[in-house]
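A quick write-up on the structure given underneath.
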Amino acid sequence: MLEHLELFFKSIFIDNMVFAVFLGMCSYLAVSKKVSTAVGLGAAVIFVLAVTVPLNWLLDQYLLKEGALVWLGPEYADYNLSFLSFIMFIATIATMVQLVEIVVEKFSPSLYNSLGIFLPLIAVNCAILGGSLFMQAREIPTLGLALNYGISSGIGWFLAILAIAAIREKIRYSNVPAPLRGLGITFIITGLMGIGFQSFGGMLTGDNEPPEGEQPTTAEQTKEKELIKKEIEEDDKAVSYNEVVKE
Amino acid sequence: MALLSKKDANLILDPLADNNPITIQVLGICSALAITAELKASLVMAVSVIFVMGVGNVVISLLRNVIPSKIRIIAQLIVVATLVIVVDQVLKAFAYELSKTLSVFVGLIITNCIIMGRFEAFALGNGVWRSFLDGIGNALGYGVILVIIGFFRELLGSGTLFGIPVLGDPIAKTGLYSIGYENNGFMIIPPAALIVVGIIIWVQRSRNRALIEEA
């Protein structure tokens, strides 16, 4: 239960799809002019992530991973098809999006009317593929956690697009320098919001280290860690240097 | 350029400046930002995208009369995914450390909107040679921005370029550091990339007022 809760808050606030790893930026920038459309797209993203991440988890677990084919018989134990994951994941996503569109259209026309136009857009939204790829890279252990990861990172994305849409509706009344209007100021606001979200970073890492495999994998974060390590080394060096001087 | 007619040359030159995929068309932001903390990673990403775009546009252009329009998205995704798998395997074989740094962002080239956008808008309706030029041009336009962001972020954030210190040694306090300069750790964190792009857009649009958005 605790790990579910931890993953939930982590995916929404700390590893936020938009602010920490920049996934789904294209539609984030293109569809955030009005709050109502932003809500529609955000809901569609949550929905599709909740479907595709667990599905791709199953694919990864029983088809792609090293030794995943062992259920076919012991002679398949050495197979490692993980190089196929890109093509499998994207094919699953594209098909699922189509399928979801058909099903929703059939059974809930009102939901279709509000989500429908966004669904095709979503097949090529990097947040969706990114969700599956991060799920694989972080080696999420169970199906339940994969579902949790899909939903919570979707919610994180939803929050981000909702916030920027609200800000963009207001910023129309502000006097932004002409060359920055539109895209430019949106980038800078997103950057500032991202800095705000960075402050969630310490929230869950208070006393216990994150378990193996859940370590942040983005370039930035590794870099940050290296930087910290370097600083520590520098401090050590400075200390030893001081000692040498004293001697 | 004697090799190319003027029209063809524009296919390459336009996306470099006034029709840049990132700053004007707003495509392909996702991967542009996350991997630009270092110049080297940006450069590798740019080269990968140039390869995928060039080859992908040619393939789609060759297939344009065969693909039924209803399933074209899936067909395009399969072509890109195959090319990206090639890139990923090559990176893993020859630059393993770097492929670890890029992590999932190599895979995310698949959903890079520039690629799908150019397939849809250009390769499906144009000949092979022109599609190739268009692909290369747009990927170069993308690469240029990536390299600019990477240059500033690495220079200001770590004081290095390609991992080589250029501003002096921060520990021994040589070069710029001797007069009190400090590395700006702010440039390393992810949101700084967004602000750098915002500033690039600002500069570009101040120089070319025709690009300014209404409202």
- line: tail above 33 Å in the computed P(r) of chain B, as % of all Cα-Cα pairs, reads 22
statement: Taking only the Cα positions of the stretch A:128-201, the convex hull volume per residue in Å³ is 111
query: Given R₀ = 51 Å, FRET efficiency for residue B:6-residue A:35 by Cβ-Cβ distance, to 0.05?
result: 0.65
FRET E, pair residue A:105, residue A:173, Förster distance 56 Å, beta-carbon r, rounded to 0.05: 0.90
field: Debye intensity ratio in log₁₀ form over the Cα atoms of the stretch B:1-99, taken at each q of 0.10, 0.11 Å⁻¹
entry: -0.37, -0.45
- prompt: Given the alpha-carbon gyration tensor of the stretch B:65-159, what are the semi-axes of its equivalent ellipsoid in whole angstrom, ordered largest first, with each equal to the square root of 5 times an eigenvalue?
  reply: 29, 18, 11
statement: Share of Cα-Cα pairs in the stretch A:14-61 beyond 17 Å, whole percent, is 46
- prompt: Which entries in the list A:65/B:40; B:70/B:100; A:33/B:40; A:33/A:106; A:10/B:100 go over 32 Å, if you measure between the two C-alpha atoms of each?
  reply: B:70/B:100; A:33/B:40
- prompt: Hey, how much of the P(r) for the stretch A:11-154 falls beyond 24 Å, as a percent of Cα pairs?
  reply: 34
- request: Could you work out, residue by residue across B:183-196, how many beta carbons of other chains sit within 10 Å of that residue's beta carbon, and then give the average as an integer?
  value: 6
field: Mean shadow area of the protein assembly as shown over all directions, Cα convex hull, nm²
entry: 27.9
message: Explain nothing, just the number: relative contact order of chain B, from Cα pairs under 8 Å at least 6 residues apart, as a whole percent.
response: 33
field: For the stretch B:186-191, 3J(HN,Hα) per residue [Karplus equation, 6.51 cos²θ - 1.76 cosθ + 1.60, θ = phi - 60°, Hz, x = Gly/Pro]
entry: 4, 5, 7, 5, x, x
query: When only Cα pairs under 8 Å and 6 or more residues apart are kept, what is the percent relative contact order across the stretch A:1-141?
result: 27
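Each reported figure results from applying straightforward, stated rules to the coordinates on display, with no laboratory input. These numbers come from a predicted model, not from an experiment. Here Cβ is always computed from backbone atoms with ideal geometry, including for glycine, and neighbour counts include all displayed protein chains.
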